[in-house]
Amino acid sequence: MADDKKIRVLLVDDHQVVRRGLRTFLEIQDDIEVVGEASDGDEGVAGAEELRPDVVLMDIKMPGTDGIEALRKLRELANPAKVLIVTSFTEQRTVVPALRAGAAGYVYKDVDPEALAGAIRSVHAGHVLLQPEVAGALLAQDVPGAGHGRGSSLTDREREVLTLIADGRSNREIARALVLSEKTVKTHVSNILMKLDLADRTQAALWAVRHGITG
């Protein structure tokens, strides 16, 4: 596979042994390239700005700038990478804030290596990875800017797109399902987020489930 087709990954974890283990496995994947490492949140943000990875694997608990704050800073970059949280913490009070801050999903550090590679490919393709118990916790909470009462402003096509977002489809898959160009789908997604006053696809998916806009 040509290098320009590989998924560029940045590893952000304060434990060198964890980074080494992740790198060792990921480097044998034909479609994944580890472009850099960082030992804390600030290094991770700086590395993302310099290296422009497609996906950042990020720990939550790190000294100094932790994963949550780093996520907020990453979202301010011109071309933010998708962030996949890799954590040993299973508590919802730890994982939920990471998803609120913009993570595309999370996996546990004891995840099967092949499943980790699959998760990287999935978030790179535009999917949102939510464990059922965490999705439930998110739905049970008030979502800032949840767009209450604004669903009526969506067009029929936007509601179709939103339904597919809630189903976990990427823009490419939505384009194929609705026989649209990917550029048109991106425009619809942007309009949906603007009309509902939501920050990202994760919140859009949760809004759709909360309001019964599902397939």
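In the neighborhood of Glu114, defined by Cβ-to-Cβ distances under 14 Å, what is the net charge if each Lys or Arg adds +1 and each Asp or Glu adds -1? Taking every other residue near Glu114 into account, the sum is -3. Summing +1 for each Lys or Arg and -1 for each Asp or Glu among the other residues whose beta-carbon sits under 13 angstrom from that of Val189 gives +3. Applying 0.36 nm per residue to the separation of Asp197 and Val18 and subtracting their alpha-carbon distance, the gain on full extension is 60.7 nm.
Only the coordinates and a few stated rules stand behind these numbers; no lab work does. Model, not experiment: these values are computed from the prediction. Here the Cβ is made from the backbone with ideal geometry for all residues, glycine too, and neighbour counts use every protein chain on show.
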